[in-house]
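The values are calculated or read from the model by the stated rules, or taken from the named source; none is laboratory data. On a predicted model such as this, the values are computed, not experimentally measured, just so you know. Don't worry about glycine lacking a Cβ; one is built from the backbone with ideal geometry, like all the others, and counts go over all protein chains shown.
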C-alpha cells in the first residue's frame, strides 16, 4: 500500500463494518479546525451527528463497530474508537456484493475532486432488482446532507481528499444513486474475519 499523503488539517477515517460474520471498510475524510487533529473529538462528533436514516437500506445485522482515525499530518499514529450508533436499519439478510452508492461532489470538476462511498450490506428488503426506490434514495440523501451539515457545524467539514494531488476539497453535495453498485477491486475488503 502506498504511503498516505500529507494534507493539512485533514483526517482519514476508516469505518470498520461488521455484518453477519463478515467485515467491510469505508474511508471518508474530514477537515478539522486546526493542524493538530483531535482524533477523539472527531470520533465523538461522528457518533453524535449520525442520522439514523443514513443507513436505512443497510441490513439491521450490520454495524460500524469501530473507526480508525488517522491524521494526514505525516507523523501521527492512527487511533481506534468504538461507535455506538452506526447501525443498519433494513429488513432481511444482506445481498453479497451489492452496495448503495453515494456520490460526493465538490465545487471543482475532475476525477480528483469527486468521491464515492459504497455502503456495504444492502438489505434484501430494501432493494428490488438491484436498486433501491427513488423515494428511499432521496430520503437517505437528505439524511447524509443533514449529517454533513452537522459535522461542519461542529468544525469537521467532510472533504474529498485527493491522494494524487495531496489536496482536500469540501463536499458541496451528495447524490444517493437508486441503482446499487459493486466495485470489484473492493470485493476483497468484504471478508470473513
Answer with yes or no whether residue 75 is part of a loop (DSSP other than H, G, I, E, B) and either within 30 Å of residue 128 (Cα to Cα) or without any contact (Cβ under 8 Å) to a residue 24 or more places away in the chain (or both). yes
Name the residues in region 40-59 that are without any contact (Cβ under 8 Å) to a residue 60 or more places away in the chain and either buried (at least 20 other Cβ atoms within 10 Å of the Cβ) or in contact with a helix residue (DSSP H, G or I) (Cβ under 6 Å, 6 or more places away or on another chain) (or both), would you? 43
Condition check for residue 14: part of a strand (DSSP E or B), crowded, with 20+ Cβ neighbours inside 10 Å and within 13 Å of the chain's Cα centre (by Cα): no
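Just one of 7, 37 is touching a strand residue (DSSP E or B) at 6+ places or on another chain (Cβ under 7 Å), within 21 Å of residue 160 (Cβ to Cβ), buried (at least 16 other Cβ atoms within 10 Å of the Cβ) and without any contact (Cβ under 8 Å) to a residue 40 or more places away in the chain; which is it?
From the options 7, 37, the qualifying one is 37.
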Residue 50 - would you say it is assigned to a strand (DSSP E or B) and either over 19 Å from residue 159 (Cα atoms) or modelled with pLDDT of 95 or more (or both)? no
Looking at the structure I just gave you, is residue 80 at pLDDT 95 or above, within 26 Å of residue 176 (Cα to Cα) and surrounded by fewer than 19 Cβ atoms within 10 Å (Cβ to Cβ)? no
Among the residues of region 96-113, what is the count of those that are without any contact (Cβ under 8 Å) to a residue 60 or more places away in the chain and in contact with a strand residue (DSSP E or B) (Cβ under 6 Å, 6 or more places away or on another chain)? 2
Extreme residue, surrounded by the fewest Cβ atoms within 10 Å (Cβ to Cβ), among residues of region 90-101 that are out of contact with any helix residue (DSSP H, G or I) (no Cβ under 6 Å at 6 or more places or on another chain) and under 19 Å from residue 144 (Cβ atoms): 101
